[in-house]
Amino acid sequence: MLKPVNRVLLGLLGLGLFALGGGVLLGGLDLQRRWGFGVPGWWPFRGPDDVVLGTEGRTRWREEGWWWPTVIAVLAVLLALLLWWLLAQRRHRLGQILVTREDGAAAFLDGRTLEDVIEEEAQALDGVSRAHVRLTGRRTAPAARVRLLLEPHAYPARILGQLTRETLVHARDSAGLDRLPSTVRLREARHGADRVA
């Protein structure tokens, strides 16, 4: 749902900016006079000396009692919509995974349960201090985002190999998935310097 909404919003925003920029360019370069065509009477940019928002346009409604509350309300609604859209961009945790068997039977697996299982198995690996797993994507095609905090003595290549060949394969097989694309981020735990007396 989010991708089509993003495409429509970005398309409308791009179309509006294109129209506004084209209008300013049309007036700024005086193209209607050079190319010999007219513009409608309501068109604000008629020549290179025109401004985007003139004095009359800026002060027309200033004395009206409804003007400033309306401007503030519209800007507040616009800000709320933009904040909602920004928060919607965050990838939400996958609540359920659709598991289908060969005979056609289907069931839902709790996404948090699978995350917890992957976390526990990843934390059991030698050299892993802490693991955090989040399932994203669609319930028919989940993906895993894994973050591991490694201890100072850890071997990242070995841990990554065990994670991909064992832990994530176990999760994929237990959920009955054909594939489980994963992104793994490794970070080393900070530790203080050893003091020698």
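For this structure, a couple of remarks:
- Index of the failed condition, residue 119 passing every other in (1) closer than 30 Å to residue 5 by Cα; (2) surrounded by 15 or more Cβ atoms within 10 Å (Cβ to Cβ); (3) modelled with pLDDT of 90 or more; (4) not aliphatic (A, V, I, L, M): (1)
- Close Cβ contacts (under 6 Å, 6 or more residues apart or on different chains) running from residues in segment 156-180 that are closer than 27 Å to residue 139 by Cβ to residues that are open to solvent by 50 Å² or more (accessible area, probe 1.4 Å) and assigned to a helix (DSSP H, G or I) comprise 167/121; 180/172.
- Restricting 94, 148 to those that are crowded, with 18+ Cβ neighbours inside 10 Å, within 30 Å of residue 3 (Cα to Cα) and at pLDDT below 90 reduces the list to 94.
- Subset of segment 33-48 that is basic (Lys, Arg) and surrounded by 10 or more Cβ atoms within 10 Å (Cβ to Cβ) - its residue that is farthest from residue 23 (Cα to Cα): 33
- None of 105, 76 is closer than 30 Å to residue 145 by Cβ, open to solvent by less than 90 Å² (accessible area, probe 1.4 Å) and free of Cβ contacts under 8 Å to residues at least 12 places away in the same chain except 105.
- Filter result for residue 130 (touching a strand residue (DSSP E or B) at 6+ places or on another chain (Cβ under 8 Å), closer than 13 Å to residue 182 by Cα and surrounded by 14 or more Cβ atoms within 10 Å (Cβ to Cβ)): no
The values are calculated or read from the model by the stated rules, or taken from the named source; none is laboratory data. Here the structure is a predicted model, which is why all the values come from computation and not from measurement. Note: ideal-geometry Cβ built from the backbone for every residue, glycine included; neighbour counts use all protein chains shown. Note: accessible area is taken over every heavy atom of the protein model, side chains too, but ligands, DNA and RNA are not part of it. Shrake-Rupley method; radii C 1.70, N 1.55, O 1.52, S 1.80 Å.
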